[in-house]
Amino acid sequence: MLFLSKKEVPLKEIIPDGYVDIHSHLLPGIDDGVKTIYQSAYILEQFENLGIKKIITTPHVIQQVWPNSSKIITEKLEKLKRVLPSLGISKIELQASAEYMMDDLFYQRIKDNDILPLHKNYLLVEMSTFSAPINLNEILFEIKLAGYIPILAHPERYTFYQNDLKKYDELKESGFLFQLNLLSFSGYYGDQIKAFAKKLVDHDYIDFTGSDVHNYHQLGILQKGFSSKMAEKITTLMNKNKVFA
């Protein structure tokens with residue numbers, strides 16, 4: 001697939017067949033994502049029109065902020081799914097997991113088995129963008145003990161690691177897979193994160209991609225697409241998500 005004749009390539013032309021988005025915030029009123037069912041439906045309709053096959057949406061689970069349980073998430077999902085057919089949205093498959101902050105609540109949820117896997121035994125986890133958890137090794141041990149494989153959301157956004165790629169080697173060696181936000185390539189989070197995202201891709205650190213869409217604004221930015229220099233590389237990365245089909 002060659003895009004050299006274009007300066008910017010729309011997302012619709014970049015997405016490979018069968019793409020599964022594994023990171024988004026499309027359950028209404030449950031975190032900092034969409035607020036209403038109609039906002040959810042609109043974004044899902046746009047994703048369907050883009051040719052996305054499946055969405056595994058991932059509301060935040062963060063202690064004292066959004067302490068969502070598996071029950072809360074599942075009930076929100078079922079309520080949304082009941083509405084979608086009446087709004088003409090029937091082609092896209094919708095599932096739900098969570099984006100788990102690696103905090104004390106997550107540590108307890110792992111031990112209590114109150115967890116919604118992303119797919120099979122994969123889990124989407126995140127850290128604070130200010131610092132890594134002090135007990136990261138202990139949390140990782142519990143994740144592995146429970147039989148899960150952790151996928152670290154948006155590693156390009158952890159600025160405290162950006163001057164030391166050895167930290168990423170250590171995370172990989174300890175058992176983490178990496179999920180890059182497509183929005184990072186758009187410059188949405190700033191030029192520094194955009195440049196570092198490209199660096200991680202160039203060094204083959206990235207295992208999967210996700211939209212991390214929370215709202216209409218982010219959706220619009222994604223739909224515009226990316227530079228022709230990056231388009232083919234992004235399609236190759238997105239193809240890796242087929243393991244979640």
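All of the numbers you see were taken from the coordinates with simple rules; none came from a lab. Remember, predicted model here, so these are calculated numbers, not experimental data. Cβ atoms come from the backbone with ideal geometry, glycine included; neighbour counts cover every protein chain shown.
Some notes on this structure:
- The lysines within cross-link reach of Lys194, meaning a Cα-to-Cα straight distance under 20 Å and a gap of 8 or more places when in the same chain, are Lys7, Lys166, Lys167, Lys224, Lys229, Lys233.
- Protection proxy ranking of 35-46, 126-137, 55-66, by the mean of other Cβ atoms within 10 Å over each peptide's residues and highest first, is 55-66, 35-46, 126-137.
- C-alpha center-to-center spacing [segment 108-123, segment 64-82] in angstrom: 15
- Farthest towards the positive end of the charge dipole of segment 8-244, among the residues Gln162, Phe176, Leu44, is the Cα of Leu44, using unit charges on the Cβ of Lys, Arg, Asp and Glu.
- Cα principal axis extents for segment 152-197, largest first, Å: 30, 19, 11
- Shape category assigned to segment 75-138 from the gyration tensor of Cα positions, a/c cut at 1.5: prolate
- Reachable aspartates and glutamates from Lys199, criterion Cα separation under 18 angstrom, eight or more residues apart if same chain: Glu156, Asp164, Asp169, Glu170, Asp191, Asp207, Glu232
- Relative packing of 115-121, 82-88, which averages over residues the other C-beta atoms within 10 Å, highest first: 115-121, 82-88
- The Rg/Rh ratio for the chain is 0.95, where Rg is the radius of gyration of the alpha carbons and Rh is the Kirkwood radius.
- Relative packing of peptides 23-34, 229-240 - highest average C-beta neighbours within 10 Å first: 23-34, 229-240
- Fraction of beta bridges assigned by DSSP in the chain that are antiparallel (%, nearest 5): 15
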